[in-house]
Amino acid sequence: MRKTLERISSENKQKSIDIVKSPNGGFELVHYIKKYDLEEDKYYEIREFPGPTGTYGDLNSAIA
């Protein structure tokens, strides 16, 4: 099971990266951005692809 350990956000809160622990024990980065929907007059947070690639062996490396 994947578990989000930490979220790092930009100053304006429009972009963020989640640090996720994967089932194999490594750490991965997942990138999200906020988009505005004119029809619904609402902001949505969506996952951006392609995201950061790679798996990190420890949390400190993933944060750096």
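The values are calculated or read from the model by the stated rules, or taken from the named source; none is laboratory data. Predicted model, so just to flag it, every value in this text is computed and none were measured. Backbone-built Cβ (ideal geometry, glycine too); neighbour counts: all protein chains shown. We work out accessible area using only protein heavy atoms, side chains counted, and drop any ligands, DNA or RNA first. Shrake-Rupley method; radii C 1.70, N 1.55, O 1.52, S 1.80 Å.
What do you reckon, is Glu45 at negative phi, without any contact (Cβ under 8 Å) to a residue 12 or more places away in the chain and loosely packed, with under 15 Cβ neighbours inside 10 Å?
On the way: at negative phi: yes; without any contact (Cβ under 8 Å) to a residue 12 or more places away in the chain: no; loosely packed, with under 15 Cβ neighbours inside 10 Å: yes.
Answer is no for this residue.
Look at Glu6 and say whether it is open to solvent by 90 Å² or more (accessible area, probe 1.4 Å) and either in contact with a Phe, Trp or Tyr (Cβ under 7 Å, 6 or more places away or on another chain) or not polar (S, T, N, Q) (or both). Lay out the reasoning, then the answer.
Numbers: open to solvent by 90 Å² or more (accessible area, probe 1.4 Å): no; either in contact with a Phe, Trp or Tyr (Cβ under 7 Å, 6 or more places away or on another chain) or not polar (S, T, N, Q) (or both): yes.
Answer is no for this residue.
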